[in-house]
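To start, the structure itself, in structure tokens.
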């Protein structure tokens, strides 16, 4: 495996380390925030590690966009602003992203 890890290599990492990893993407266009699933683990035995995949506009030496993973500690808090502006608690389905 090469690091930084590509999304297509996450199943290998999960299998080697007995992990469950879920990766979400993010976009912000026309003042609208959007979160969407990029990879959902099939390992239901473990509590998933939730990551946010961020693509930078910066370009590296090989003319590729720089990409980063950030740990999501509180998924509901992260996407609350994208689903509504009220302080109501929402439960979000991670597969379909519907409250």
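The values are calculated or read from the model by the stated rules, or taken from the named source; none is laboratory data. In this text the structure is predicted, and so the values were computed from the model without any measurement. Here Cβ is always computed from backbone atoms with ideal geometry, including for glycine, and neighbour counts include all displayed protein chains.
Since residue 53 meets every condition but one in (1) free of Cβ contacts under 8 Å to residues at least 40 places away in the same chain; (2) within 16 Å of residue 6 (Cβ to Cβ), which condition does it not meet?
If we test residue 53 against (1) free of Cβ contacts under 8 Å to residues at least 40 places away in the same chain; (2) within 16 Å of residue 6 (Cβ to Cβ), just (1) comes out false.
Looking at segment 77-91, which of its residues are modelled with pLDDT of 70 or more and closer than 18 Å to residue 32 by Cβ? Working first, answer last.
If we filter segment 77-91 for residues that are modelled with pLDDT of 70 or more, which is where we start, we get 77-80.
Matches in segment 77-91: 78, 79, 80.
Mind listing just one residue for me: the one in segment 1-23 that is at pLDDT 85 or above, loosely packed, with under 13 Cβ neighbours inside 10 Å and farther than 17 Å from residue 71 by Cα and, of those, nearest to the chain's Cα centre (by Cα)?
Going through the qualifying residues, I end up with 8.
Would you say residue 46 is touching a helix residue (DSSP H, G or I) at 6+ places or on another chain (Cβ under 8 Å), without any contact (Cβ under 8 Å) to a residue 40 or more places away in the chain and not in a strand (DSSP E or B)?
It is false that residue 46 is touching a helix residue (DSSP H, G or I) at 6+ places or on another chain (Cβ under 8 Å), without any contact (Cβ under 8 Å) to a residue 40 or more places away in the chain and not in a strand (DSSP E or B).
Taking segment 2-23 on its own, how many of its residues are free of Cβ contacts under 8 Å to residues at least 60 places away in the same chain and in a strand (DSSP E or B)?
2
Mind telling me which of the residues 61, 30, 74 ends up being at pLDDT below 80 and at negative phi?
Numbers: 30 fails: at negative phi; 74 fails: at pLDDT below 80.
Within the list 61, 30, 74, the selection yields 61.
For segment 54-70, give me the residue count where each residue is part of a strand (DSSP E or B) and exposed (fewer than 10 other Cβ atoms within 10 Å of the Cβ). Walk me through it before giving the result.
Within segment 54-70, the first condition is being part of a strand (DSSP E or B), and the residues that meet it are 54-59, 65-70.
Checking the rest, the ones that are also exposed (fewer than 10 other Cβ atoms within 10 Å of the Cβ) come to 57-58.
Qualifying residue count, segment 54-70: 2.
If only one of 36, 26 is touching a residue at least 24 places away in the same chain (Cβ under 8 Å), exposed (fewer than 12 other Cβ atoms within 10 Å of the Cβ) and either within 11 Å of the chain's Cα centre (by Cα) or more than 19 Å from residue 93 (Cβ to Cβ) (or both), which one is it? Before the answer, list the steps.
Working: 26 fails: exposed (fewer than 12 other Cβ atoms within 10 Å of the Cβ).
Just a single option satisfies the conditions, and that option is 36.
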